[in-house]
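*Asks:* Dropping a structure here in structure tokens format, bear with me for questions.
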Amino acid sequence: MLGLQVSTKIFLCREAVDFRKAHDGLAAIVRDHLGEDLFAGGIFIFLNKRRDRIKLLEWDKNGLWLHYKRLEKGTFRWPVKSSSRKVALNRTELSMLLDGIELKAVRTHQHFTDSIRIHGRDAEQRKGRAAARY
């Protein structure tokens, strides 16, 4: 599997792509069709018309990577319905897409909070001293 940073942007091209296209042809789609800068980083996902093949295009600072997967049985599922040309995904959604998991059927739970409180040492020591007094 790809080693992805949390900050890596991942975009799925919503329209089927001619899979005879390689690095340069897919880079042109990223630029002209999706309106994104390939060289700013990120991963761009393309599916063929039958949705049994997937290509991932990625720039790694000195060259383009082209990852390709062909399913022997079944199809890749579109993750969400949208009218836009591209859909932003996160690392988990990309992994599920590549593993054949249908994202519409998945329930996710929030395991974190949006804000955190960090107490300095002084606050911790004051709490300990106050508790010891009573």
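*Asks:* Tell me which residues come under 5 Å, amide H to amide H, from GLY42 once H is placed; ignore anything under 5 positions away on its chain.
*Replies:* LYS9, TRP59
*Asks:* Compute the semi-axes of the equivalent ellipsoid of segment 26-78, taking the square root of 5 times each eigenvalue of the Cα gyration tensor, and list them largest first in whole Å.
*Replies:* Details: eigenvalues 104, 32, 11 Å².
In descending order, the three semi-axes are 23, 13, 7 Å.
*Asks:* Okay, next question. Cβ neighbours within 10 Å, averaged per peptide: list 88-95, 14-21, 53-60 in order, most packed at the top.
*Replies:* Numbers: 88-95: 15.9, 14-21: 14.1, 53-60: 18.1.
Descending mean neighbour count gives 53-60, 88-95, 14-21.
*Asks:* Taking the simple approach of a point 7 Å from Cα along Cα-to-Cβ for both LEU103 and HIS33, what is their distance in nm?
*Replies:* Between LEU103 and HIS33, the label points sit 1.7 nm apart.
*Asks:* Something else: Rounded to the nearest 0.05, what FRET efficiency is calculated for TRP65 and LYS9 with R0 set to 25 Å and r the Cβ-Cβ distance? Before the final figure, lay out each step's value.
*Replies:* Working: r = 15 Å, r/R0 = 0.60.
Given R0 = 25 Å and the Cβ-Cβ separation, E is 0.95.
*Asks:* Note the full-extension length gain between ARG91 and ARG77 as 0.36 nm times their separation in residues minus their Cα-Cα distance, in nm to one decimal. Numbers along the way, then the final one.
*Replies:* Values: separation 14, 0.36 × 14 = 5.04 nm, distance 1.61 nm.
Result: 3.4 nm gained on full extension.
Each reported figure results from applying straightforward, stated rules to the coordinates on display, with no laboratory input. None of these values were measured; they are calculated from a predicted model. Backbone-built Cβ (ideal geometry, glycine too); neighbour counts: all protein chains shown.
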